[in-house]
1. Other chains' Cβ within 10 Å of B:66-78 residues: what's the mean?
2. Which GluC sites (Glu not before Pro) from region A:480-580 combine a DSSP loop assignment with at most 12 other Cβ atoms within 10 Å?
3. Given bins 5 angstrom wide, list per bin the percent of all Cα-Cα distances in chain B, short to long.
4. Using Cα pairs under 8 angstrom and six or more residues apart, how large is the relative contact order of chain B, in percent?
5. Could you give each residue of region B:42-52 its phi-based ³J(HN,Hα) in whole Hz, using Karplus coefficients 6.51, -1.76, 1.60 with θ = phi - 60°, and x for Gly or Pro?
6. Order by neighbour count: A:196, A:39, fewest other Cβ atoms within 10 Å first, most last.
7. Just to check I understand the Karplus step: with θ = phi - 60° and J = 6.51 cos²θ - 1.76 cosθ + 1.60, what whole-Hz values come out for region A:464-473, glycine and proline as x?
8. According to the Cα gyration tensor, what semi-axes, each the square root of 5 times an eigenvalue, does the equivalent ellipsoid of region A:310-376 have, listed from largest to smallest in whole Å?
Amino acid sequence: MSGRRGRGGGRAAGIRGPHSALTDFLAANNISAQEIRDSYRQRQQQAEAEAAENGEAEDNGEGPSIANDEEDLQAESSAMAAERTRKRKRNQEEAIAKIKKGKAAKKNAKKKNKGSDDGSDYDDVMDMYKKAGPLPGQLENCEVCDKRFTVTPYSKAGPDGGLLCTKCGKESAKEAKATDKASKPAVRKGRRKIESNRLDGLTFRGARTLQQLCIDTLAKHADDIEELGEMPEPIMNKLSEIFSKKRAMKSNTFKLFLQPDLDVVAIHEAAYLETEDYDQIFAIVPHLKKLSLRNCCQFKDSNVGYMIEKAKDLVDIQLLGANLVSNDKWVDLFIARGHDLRALKLEWLDAAFDDQAVEALTTFCPNLERLKLERCKQIGPDSIDAIARLEKLQHLTLCYQKVIPRDRVVNLIANVGPNLRTLCLERFIDPENEDGPNDDLLDVIHKTCTQLSKLRFSENNECSDAGYVNLFSDWSNPPLRYIDVNSTRDVDNSNPDGPEDAVGFGSAGFHALMQHSGSKLEYLDVSSCRHISHEQFAHIFSPEHTWPCLREINLSFCPVVDTEVIAGIFRSCPQIKKVVTFGCFEVQDVVVPRDIVLIGAPRAQNAIEQFGQVVMDFQEEFGEVQNPMGMNRIVPVMS
Amino acid sequence: MAADRKVTDYVTLVSNDGYEFKILRSAACIAGTIKKALDPTSGFREMEQNRVELPTINGVTLEKVCEYLYYNQKHAESKDVPDMEIQPELCLELLIAADYLDGE
């Protein structure tokens, strides 16, 4: 009470402390905030008294009850009483009436009182405050910044229960969002991103490597990098890969990868580069040994000319889609640089590069060890004969668009086979040959190739299962590291079940393959090999077999593969990292052990979601021995 | 672990500009190079002093490296780990440091 009195005195001497424009306005109209507040308190006490029903003599029977009470209080704070005029009393009564009508008046009163600084008063104010929130359309002081604002239905509540102005409300909403985010430990990425990572063979457990984080950040800021400085070559390549993937390899960023002391330039996605950019490579990197450009659409004759002139150390060339280079220029290149060339990879050439160019290639590049010609539309059977003359070949990859008579290919392998480490033959079929399945190709591989470690023999519908058995039985070749026999089956829409006698890689061939190469095999692709039976899969991946090196298996579109087979693979392949099962509808509810990626499996998506959480008992045995903190969790996907 | 009690729980990493970072041994050993240097069977001086000097890494970068090591340790078993923030200006040096420390 004394506090009130003191303040009342203060008011008499002039307003003290902060007061709002409204207070001034009300004062000018002879309305006192003090009164309104007092009347509130009085009603409050009255209610309390009534509730207690102890008639504590608040009502002295002096005048009308409300005014009376008021008077009573006023009397106690005697200094105040004198000040009050009758007019004011009337106002006061009006105010009380208002309070009775609605809570609106209370709010005003409270607001006015908020200006006061007395502790106990403030508590009272807070009480009032809690009892009634302002209605939309009314004015209120912001709880945070104390500014006046109009209350709307969207006004936010402050930390102490009050209302906030629009600006403060926005900020508090922002903060709330931030804390909300922070409290959620794992920000769930989109399903697409998760699937994308899974297809890339990325596992989710644990943090990503620091290197990977840095590379991603760099890719995000590709345009801001001025210079990469001295980077180890593997990192350069990784950066080049991510830049390519993000389509950030433009004329400006591309220069980051050109440094005078480099001997490798690999641009995996060069579609944005202009003709002049390619000349930069040879101008800036004089000692270039290995050049790899993919989608180099603007790589022209002039660039080849400049390359011949400048890049004297070049031994390894890979160009994908260099369609603006003419036949004559290819020949020029082979004549000028051919003797030093060790590796040549050309893909997706449809306008030029014909049999004559290959002829020149074999004539002028006698030292070629690695040759890859894929989807070059102009070349035909004559080029096969030419390649057969390359005696030093160790790695040969061919995929033709034109039909090649089988005997030419047989002749080719008979000539170059003995030295080969890698042999990839895609889609070598001879539709003119009508005399049914023919295993000549497999025969000649069996007889002449004795040093292979990687063999791809895919999309062939002529070789029989017996041919594969023959290939892998008593083969003097050491065990293979990589085998891909995908899509070796008969395709005939009018006869979807295939011929009576199985064509393609089947059960017996699979058995023979695993007998021959199982001990060293790292990569196995038998997708779309429809003649491998469930029994054979179950037998190969049964507990009594262990395939110690197998890291990646593709079983897509083998309809017999089921959950049992997949579980068997997890069990019998301790090194397995990736299993691909597109179109295997029998694979359901499979439990995928941690650090293994299962891709495809159309009916097991929900089960796979939890992958990485399960530690199989057989994993525990040797899992503990390995470094659980391995920093390199990216599954290497073999090429 | 009882035999390893002699080896301290914390090790010191020293940057080329003299900043020292004392961090948990288990976290430090996430980095392959540091792990090898501190290997109890190696007999390197680093092992005896529990102190690894990294003359190719400066203080700012090493601080970030330490942050990463703890981040990695914290999230070793969790799924969908949020990426650690890396300031773009640190990125290149950090990348080289990461390559060096991974020690593959």
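What follows draws every value from the coordinates through simple rules; no lab data is involved. Note that the coordinates shown come from a computational prediction; the quantities given were computed from them, not determined experimentally. FYI the Cβ positions are ideal-geometry reconstructions off the backbone, even for glycines, and counts take in every protein chain you see.
1. Going residue by residue through B:66-78 and averaging, the value is 4.
2. Those that pass, being in a loop and sparsely packed, are A:500, A:544.
3. 2, 12, 22, 25, 20, 11, 6, 2, 0
4. Contact order relative to length: 31 percent.
5. Computed from phi, the couplings for region B:42-52 are 7, x, 6, 5, 3, 5, 5, 8, 6, 8, 10 Hz.
6. So the ranking, lowest neighbour count to highest, is A:196, A:39.
7. Going residue by residue, I get 8, 4, 4, x, 5, 4, 4, 4, 8, 8 Hz, with x marking Gly and Pro.
8. Its equivalent ellipsoid spans semi-axes of 17, 12, 12 Å.
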